[in-house]
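Below you'll find the structure, written out as structure tokens, and then a few comments.
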Amino acid sequence: MDDMRARYGVPLGITAVGAAGLAYAVGFEVRSFRLRRITVPVLPRGMRPLRVLQVSDIHMVSGQRKKQRWLQSLAGLRPDFVVNTGDNLSDPEGVPEVLDALGPLMEFPGAYVFGSNDYYGPKLRNPARYLMEKASGRHGLNGNPPAVGAIHNPWTELRDAFDAAGWVGLSNTRGRLKLEDIEIALTGLDDPHIKRDRYAEVAGGPESGADLSLAVVHAPYLRVLDAFTADRYPLILAGHTHGGQLCIPFYGALVTNCDLDTRRVKGLSQHHAGGHTSYLHVSAGCGTNRYTPVRFACPPEATLLTLTPQTP
């Protein structure tokens with residue numbers, strides 16, 4: 001009996017801990033929605049603070065009522081404007097529920113870009129492939145062959161509803177938001193993860209005449225961050241990474257699903273390029289691919305960014 005304990009005690013213990021961790025990741029944390037609050041000093045001196053709500057990577061699947069209610073409740077924050085950084089869908093039938101969830105937020109000024117999962121439905125894939133892609137430096141359509149047999153999502157329905165609400169679409173284009181006495185200029189790109197970004201169409205840096213210029217993209221690939229930063233945008237907003245989704249406590253993320261380093265997989269950081277520096281905020285998002293509905297040490301989130309005047 002003592003030999004049996006010696007041989008099987010540790011493996012069984014590890015199995016039990018692993019099972020408990022999986023149960024927590026699937027049953028609790030993936031629905032443990034959080035609001036991250038950060039302050040970013042990017043405004044001109046003398047300008048009043050602005051509150052920006054960033055939502056990202058909703059990955060809505062029909063029937064996700066708790067996620068819908070939580071997103072609806074964010075309207076109670078009364079932001080100055082909303083930025084949606086893409087991947088709203090993980091179900092071709094999920095458009096009505098996305099619009100229901102975001103309905104109260106669409107009463108506020110807003111802007112949006114799309115991600116690959118807005119255009120295409122997800123596929124079941126081996127999670128180990130993310131580690132392989134990190135090692136090879138190939139992500140999405142960046143170095144990989146085109147997808148075959150992809151499911152096309154009804155993204156135009158999302159676009160039309162967002163546009164009807166007055167949200168500004170930023171797919172490889174520029175737009176502006178007017179907030180009473182303040183004008184915000186925004187420059188956005190379509191998703192670099194599937195090579196839809198066209199920076200040449202929006203190059204040139206912040207626009208004159210605006211009180212603030214922001215850059216918006218779904219996936220924070222380095223080529224995009226370099227371009228925005230070299231063009232002197234003070235703040236770049238992105239999503240896509242899910243914060244690593246499955247993280248190791250006290251260590252962090254293993255992958256970012258792009259060429260961004262894991263140290264900046266979520267939250268506020270800085271990016272340097274062309275002799276300039278931009279703030280970068282990457283949202284960990286509030287959803288997951290429908291085939292991997294787990295999160296560990298990386299709760300689902302939205303972010304309320306309070307933009308304040310620059311310090312001397």
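Table: residues versus (1) closer than 27 Å to residue 62 by Cα; (2) basic (Lys, Arg).
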{"position": "240", "(1), (2)": "yes, no"}
{"position": "252", "(1), (2)": "no, no"}
{"position": "256", "(1), (2)": "yes, no"}
{"position": "261", "(1), (2)": "no, no"}
{"position": "266", "(1), (2)": "yes, yes"}
{"position": "278", "(1), (2)": "no, no"}
In region 272-291, is there at least one residue being touching a strand residue (DSSP E or B) at 6+ places or on another chain (Cβ under 7 Å) and basic (Lys, Arg)? no
Every residue in region 289-300 that is at pLDDT 95 or above and either open to solvent by less than 10 Å² (accessible area, probe 1.4 Å) or aromatic (Phe, Trp, Tyr) (or both), please. 295, 296, 298, 300
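Among the residues in region 224-236, are any within 28 Å of residue 293 (Cβ to Cβ), at pLDDT 95 or above and crowded, with 19+ Cβ neighbours inside 10 Å? Working first, answer last.
First, pick out the residues of region 224-236 that are within 28 Å of residue 293 (Cβ to Cβ): none.
No, that holds for no residue.
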Residue 241 - would you say it is more than 25 Å from residue 183 (Cβ to Cβ) and not hydrophobic (A, V, I, L, M, F, W, C)? yes
Name the residues in region 184-213 that are surrounded by 15 or more Cβ atoms within 10 Å (Cβ to Cβ), under 18 Å from residue 48 (Cα atoms) and free of Cβ contacts under 8 Å to residues at least 40 places away in the same chain, would you? 185, 210, 213
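Residue under question is residue 181, and the condition is that it be touching a strand residue (DSSP E or B) at 6+ places or on another chain (Cβ under 7 Å), free of Cβ contacts under 8 Å to residues at least 40 places away in the same chain and surrounded by fewer than 15 Cβ atoms within 10 Å (Cβ to Cβ); does it hold?
no
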Say whether the condition of being surrounded by 14 or more Cβ atoms within 10 Å (Cβ to Cβ), in contact with a strand residue (DSSP E or B) (Cβ under 8 Å, 6 or more places away or on another chain) and of a type in the set (Gly, Ala, Ser) is met by at least one residue in region 80-92. yes
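Condition check ((1) farther than 28 Å from residue 144 by Cα; (2) in contact (Cβ under 8 Å) with a residue 12 or more places away in the chain; (3) assigned to a loop (DSSP other than H, G, I, E, B)) across all residues:
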residue: 223; (1), (2), (3): no, yes, no
residue: 229; (1), (2), (3): no, yes, no
residue: 236; (1), (2), (3): no, yes, no
residue: 259; (1), (2), (3): no, yes, yes
residue: 263; (1), (2), (3): no, no, no
residue: 270; (1), (2), (3): yes, no, no
residue: 277; (1), (2), (3): yes, yes, no
residue: 289; (1), (2), (3): no, yes, yes
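The values are calculated or read from the model by the stated rules, or taken from the named source; none is laboratory data. Fair warning: this is a prediction, and the values are worked out from it, not measured in the lab. FYI the Cβ positions are ideal-geometry reconstructions off the backbone, even for glycines, and counts take in every protein chain you see. The accessibility values were calculated without ligands, DNA or RNA, using every heavy atom of the protein model including side chains. Shrake-Rupley method; radii C 1.70, N 1.55, O 1.52, S 1.80 Å.
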